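Trainee: Submitted below is the structure of interest, expressed as structure tokens.
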Amino acid sequence: MQFVYPMLGVILLASVLVYWHALFKFRAIVAAERPEWLMRGRSLLEFKMRMPFFEDPNEAFAVVGIAFGSRWRELKADLAARYARRIRICLPLFFGVFAVVVALAFTVG
């Protein structure tokens with residue numbers, strides 16, 4: 001039992017790092033090929049001349065929505081499928097392991 005928490009911690013850390021990397025790379029591909037998917041009511045100039053996307057949670061949710069939906073198939077970049085797959089694997093993995101950690105914390109102590 002003493003190795004369960006460190007192993008779950010390593011899985012959490014690895015899944016978060018891979019997820020963030022895939023999210024940033026996939027967002028760059030989407031912004032380069034289809035910026036209208038991320039603009040959400042803003043002009044193109046306002047989209048290009050603003051703070052980084054991680055300060056706008058709506059844009060991060062839009063990127064995750066594109067990765068989980070079918071629109072990623074419309075992207076021409078070869079790496080788009082790889083990053084979308086990583087997002088689709090790492091996000092549920094993170095939430096599942098996090099739920100296990102919380103459940104173990106409440107039951108075991």
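Trainee: What are the pairs with Cβ atoms under 6 angstrom where one residue, in the stretch 29-41, is closer than 15 Å to Lys76 by Cα and the other, located anywhere, is among the small types (Gly, Ala, Ser) and at pLDDT 85 or above? Sequence gap at least six, or different chains.
Mentor: Partner pairs satisfying both residue conditions: Ile29/Ala77; Ile29/Ala80.
Trainee: Would you say Ala60 is at pLDDT 90 or above, in a helix (DSSP H, G or I) and among the aliphatic types (A, V, I, L, M)?
Mentor: Answer is no for this residue.
Trainee: In addition: Considering only the stretch 17-28, state which residues are of a type in the set (A, V, I, L, M), within 14 Å of Glu59 (Cα to Cα) and touching a residue at least 24 places away in the same chain (Cβ under 8 Å).
Mentor: Leu23
Trainee: OK, next. Being in contact (Cβ under 8 Å) with a residue 40 or more places away in the chain, touching a Leu at 6+ places or on another chain (Cβ under 6 Å) and farther than 15 Å from Tyr19 by Cβ is the filter here, so list the residues in the stretch 62-109 that pass it.
Mentor: Val101
Trainee: Same structure again: Identify all residues within the stretch 63-84 that are modelled with pLDDT under 95, of a type in the set (Lys, Arg) and part of a helix (DSSP H, G or I); write none if there are none.
Mentor: Within the stretch 63-84, Arg71, Arg73 meet the criteria.
Trainee: Still on this model: What about Pro35, is it modelled with pLDDT under 90 and out of contact with any strand residue (DSSP E or B) (no Cβ under 9 Å at 6 or more places or on another chain)?
Mentor: Here the answer is yes, as Pro35 does meet what is asked.
Trainee: Is it true that Leu17 is modelled with pLDDT of 90 or more and out of contact with any helix residue (DSSP H, G or I) (no Cβ under 8 Å at 6 or more places or on another chain)?
Mentor: When the stated conditions are applied, Leu17 passes them.
The values are calculated or read from the model by the stated rules, or taken from the named source; none is laboratory data. Nothing here was measured: the structure is a model prediction, and the numbers come from that model. Every residue, glycine among them, receives a Cβ derived from its backbone with ideal geometry; neighbour counts consider all protein chains shown.
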